[in-house]
Each structure stands twice: as C-alpha cells, then as structure tokens.
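Working notes, beginning with the structure itself.
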Ligand code: DHB
Ligand code: FE
C-alpha cells in the first residue's frame with residue numbers, strides 16, 4: 001500500500017511568483033518569507049515523496065463564478081497554468097498521477113463526497129506556487145493530484161465538512177494499491193482580506209492559535225462556522241480550510257504528528273504568511 005508520509009502548509013500570493021522570477025528572495029521585504037523554506041526542502045529531500053495531493057482554492061482561472069464546484073479533484077495526465085494577469089511567469093506543465101486521482105475520486109464518492117471530476121484542469125497560483133517554493137530548481141520532481149475546495153463564492157463548505165473530506169482523502173491515500181510515497185500540501189491563508197472595509201485585516205492571535213491546534217488538537221477550528229471564520233481571519237483568510245483538510249488527512253496515517261518546522265511572517269502583500277511541516281509520527 002501507498003505511504004502517507006506527512007503534510008506541508010504554505011500561503012500563496014501571486015507576488016511570490018514575481019519575486020521568484022525576479023530573484024528577489026534575499027531582498028529585505030522577501031527574505032523573512034523565503035528563509036522559511038530551506039528546512040522544508042531538506043525534509044522533502046530526505047523523505048522524497050513521489051506524489052503530492054494539494055488542497056488549494058482556484059481563484060477564477062479554472063472555475064469562474066458561473067460554475068463553482070464545492071470540491072473538485074483533478075484526474076488529468078498533466079496540469080497547465082496560465083498568466084493570471086499578475087505577472088507570474090507561466091510554468092511548464094505539471095505531471096499528474098491519474099491512478100491516484102481515480103482512486104481518490106472513487107473513494108471520496110463512495111463516502112458520499114460528491115466531488116466534481118476534472119479530466120482537464122488549469123491550475124492557478126494557489127497550486128503552482130507551493131510546488132515552486134518546495135521544489136525551486138528545475139522541473140517539479142513529484143506528480144500531483146489537485147483537490148480544489150471552493151473558498152471564493154458563497155456558500156462555502158463548513159470547516160467540519162472540509163475536515164471530514166481531508167480525513168476521507170487520507171484514508172483513500174492509505175488504501176491506494178501502490179508502493180508510492182505520498183505527501184499532502186495545503187495552500188492558502190492564513191489571515192488576510194483583500195477587499196472591502198477590512199482590506200488589510202490580519203489576526204495574528206487567531207493564526208497563532210490555529211497553527212498550534214494543527215499539531216495537537218486538529219479538530220479545534222471545526223467549532224467555528226464559516227461566518228465566524230471569515231470574521232476572525234478575513235474574507236480570504238478562510239483559505240485556512242486547506243490546512244484543515246491537509247491536517248485531517250494525516251489522521252489517517254497516524255494518531256499524532258511531529259511538527260518539524262514552522263514559520264510565520266506578516267505581511268507579504270496583504271497576507272499573514274505561514275509555513276508548516278508535519279510528519280506522520
Ligand atoms: C493575495 C493573497 C491571496 O491568497 C491571493 O490568492 C491573491 C493575493 C495577496 O495578499 O496579495
Ligand atoms: Fe488566495
């Protein structure tokens with residue numbers, strides 16, 4: 001059977017792509033953010049996953065407001081990104097793992113998660129940036145299975161539902177008939193709000209409590225409704241749902257996790273950025 005080795009979480013911001021492109025990693029503005037990544041890369045270099053399942057939210061590249069699935073799973077042989085109008089360089093296509101995609105889709109639907117299956121799927125900055133941050137050099141060495149969770153158009157799935165989805169995804173990975181090593185990635189958050197009266201809103205206190213809960217009390221955030229989470233983290237801070245799915249999937253691998261590394265830095269653009277590496281114990 002496949003092995004679920006651990007999970008990583010990171011924020012995604014289009015400007016990160018521009019900073020990578022322009023080689024600004026050591027500039028004072030960017031350094032505290034990029035300096036978080038070498039320990040995560042060293043861990044990945046050691047554990048060498050073959051495939052990653054990425055929980056992320058599309059921002060209008062693949063799904064627009066006219067058709068918005070709550071949960072969508074990629075089942076493509078390759079995934080392309082595109083210019084989103086923010087000056088992020090377009091990257092070469094990312095390789096899919098269709099065998100894991102279909103196993104995941106069948107397992108999730110079998111457990112009453114009626115996911116949208118995507119045999120073609122464009123991936124935006126939320127999917128590509130974590131891959132570029134974790135594997136900065138050359139082509140991405142891992143195959144991917146993107147899992148898109150709607151956090152852009154209401155109604156959004158409840159935190160408890162996202163947790164259950166993550167858990168079911170973890171169980172599916174564990175039961176995949178393969179000798180491959182799988183890691184899970186969460187892309188999004190933490191607190192940020194890009195528009196409206198509270199534009200620029202950040203809540204360090206809540207973020208800190210949320211990050212701590214992921215280590216030892218992973219269901220903690222499921223006590224909050226979507227509106228409470230938006231109130232506490234901002235309209236885009238709700239992307240923390242990805243972290244919940246990632247952490248929930250690890251419960252299928254082991255009862256506890258080891259937190260190997262974390263970083264938290266405010267702000268990059270309008271966002272409180274976070275990074276975490278969790279190993280299945
Ligand atoms: C920003 C953050 C995001 O999560 C995003 O998708 C786009 C922009 C920002 O802070 O600029
Ligand atoms: Fe985002």
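Close contacts from the range 122-139, counting a first residue that is without any contact (Cβ under 8 Å) to a residue 60 or more places away in the chain and a second that is assigned to a strand (DSSP E or B) and within 14 Å of ligand 2 (Cβ to nearest atom), with Cβ to Cβ under 6 Å and a gap of 6+ residues or different chains, come to none at all.
When the residues of the range 231-269 are filtered to those that are over 18 Å from the mean Cα position of the chain (by Cα), farther than 20 Å from residue 43 by Cα and at pLDDT 95 or above, the one that is surrounded by the most Cβ atoms within 10 Å (Cβ to Cβ) is 232.
Are any residues in the range 167-183 closer than 21 Å to residue 112 by Cβ and in contact with a strand residue (DSSP E or B) (Cβ under 7 Å, 6 or more places away or on another chain), and if so, which ones? 169, 170, 173, 174 - these are the residues of the range 167-183 that are closer than 21 Å to residue 112 by Cβ and in contact with a strand residue (DSSP E or B) (Cβ under 7 Å, 6 or more places away or on another chain).
Out of 100, 65, 133, 129, which single residue is more than 16 Å from the chain's Cα centre (by Cα), within 27 Å of residue 159 (Cα to Cα) and modelled with pLDDT of 95 or more? Sole residue among the options that is more than 16 Å from the chain's Cα centre (by Cα), within 27 Å of residue 159 (Cα to Cα) and modelled with pLDDT of 95 or more: 100. Considering the range 9-21, the residues that are closer than 15 Å to residue 90 by Cβ and either free of Cβ contacts under 8 Å to residues at least 12 places away in the same chain or more than 10 Å from ligand 1 (Cβ to nearest atom) (or both) include one that is surrounded by the fewest Cβ atoms within 10 Å (Cβ to Cβ), namely 21.
Here's the yes/no breakdown for (1) more than 30 Å from residue 108 (Cβ to Cβ); (2) buried (at least 22 other Cβ atoms within 10 Å of the Cβ); (3) within 17 Å of the chain's Cα centre (by Cα):
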residue	(1), (2), (3)
7	no, yes, yes
23	yes, no, no
32	yes, no, no
38	yes, no, no
42	yes, no, no
48	no, no, no
52	no, yes, yes
55	no, yes, yes
70	no, no, yes
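In the range 91-132, the residue that is farthest from residue 182 (Cα to Cα) out of those that are within 16 Å of ligand 1 (Cβ to nearest atom) and touching a helix residue (DSSP H, G or I) at 6+ places or on another chain (Cβ under 7 Å) is 125. Of all residues in the range 173-188, at least one satisfies being touching a helix residue (DSSP H, G or I) at 6+ places or on another chain (Cβ under 6 Å), within 16 Å of ligand 2 (Cβ to nearest atom) and on the phi > 0 side of the Ramachandran plot. Of all the listed residues (202, 185), the sole one being surrounded by fewer than 21 Cβ atoms within 10 Å (Cβ to Cβ) and either free of Cβ contacts under 8 Å to residues at least 60 places away in the same chain or within 16 Å of ligand 1 (Cβ to nearest atom) (or both) is 202. Of all residues in the range 40-67, none that is free of Cβ contacts under 8 Å to residues at least 40 places away in the same chain has its Cβ atom under 8 Å from the Cβ atom of a residue that is within 16 Å of ligand 2 (Cβ to nearest atom), 6 or more apart or on another chain. A search for C-beta distances below 9 Å between a residue of the range 86-113 that is free of Cβ contacts under 8 Å to residues at least 60 places away in the same chain and any residue that is assigned to a loop (DSSP other than H, G, I, E, B) and within 16 Å of ligand 1 (Cβ to nearest atom), counting only pairs 6+ apart in sequence or on different chains, returns 90/81; 90/82; 90/83; 91/81; 93/81; 94/81; 94/123. Just one of the numbered conditions (1) on the phi < 0 side of the Ramachandran plot; (2) in contact (Cβ under 8 Å) with a residue 60 or more places away in the chain is not true of residue 161: (2).
Of all residues in the range 82-100, which are assigned to a loop (DSSP other than H, G, I, E, B) and buried (at least 17 other Cβ atoms within 10 Å of the Cβ)?
Of everything in the range 82-100, those that are assigned to a loop (DSSP other than H, G, I, E, B) and buried (at least 17 other Cβ atoms within 10 Å of the Cβ) turn out to be 84, 88, 91, 97.
The values are calculated or read from the model by the stated rules, or taken from the named source; none is laboratory data. Being a predicted model, the structure only gives us computed values, none of them experimental. FYI the Cβ positions are ideal-geometry reconstructions off the backbone, even for glycines, and counts take in every protein chain you see.
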